[in-house]
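Undergrad: Take this structure first; my questions come after.
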Amino acid sequence: MAWVNLTSIEQLDEIKNANGFSLIFKHSTRCSISMMAKKNFEFDWDVIPSETKLYFLDLISYRDISNQVAEIFQVAHQSPQILLIKNGECVLESSHSDISAEEVAEVIAA
């Protein structure tokens, strides 16, 4: 699997309008907890179906996009944070040590 860098508002529109599942990983490059959550997620991400698009948001560099994510998907900002989007709606939101590739895979499989 590979990350798609989330760097534009237009990509948020694509995620909102996509059929199926997309995942956004909001990451702070200045935070050791965020680095650990990302590493743990990537270690296990092979359990997630390969057709799931995985978006990586560097929220330090793209604060405006991070703010739009919170507004569009009606979630409180956290870092690190994952949002699993299905057909334009956030169906799973997790942050910090609750971030789990296995949980994402379970929600997709349900």
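The values are calculated or read from the model by the stated rules, or taken from the named source; none is laboratory data. On a predicted model such as this, the values are computed, not experimentally measured, just so you know. Heads up: the accessible areas ignore ligands, DNA and RNA and are worked out on the full protein's heavy atoms, side chains in. Shrake-Rupley method; radii C 1.70, N 1.55, O 1.52, S 1.80 Å.
Undergrad: Give me the percent of the accessible area of the chain that comes from carbon and sulfur atoms, probe 1.4 Å, all protein chains in place.
TA: Roughly 47 percent, rounded to a whole number.
Undergrad: Starting from the amide H of L92, placed 1.01 Å from N in the peptide plane, find each other amide H under 5 Å away whose residue is 5 or more places distant or on another chain.
TA: L84
Undergrad: So, in the chain, how many Lys pairs have Cα atoms under 21 Å apart, if the pair is 8 or more places apart or on different chains?
TA: 10
Undergrad: What are the ³J(HN,Hα) values, in whole Hz, obtained from phi via the Karplus relation 6.51 cos²θ - 1.76 cosθ + 1.60 with θ = phi - 60°, for each residue of segment 10-17 in sequence order, with x given for Gly and Pro?
TA: 4, 5, 4, 4, 4, 5, 4, 9
Undergrad: So, for the chain, what is the accessible surface per residue at a probe of 1.4 Å, expressed in square angstrom?
TA: Counting only protein heavy atoms, the per-residue value for the chain is 53 Å².
Undergrad: Compute, for S94, the solvent-accessible surface of its heavy atoms (probe 1.4 Å) with the complete set of protein chains present, and express it in square angstrom to the nearest 10.
TA: 10 Å²
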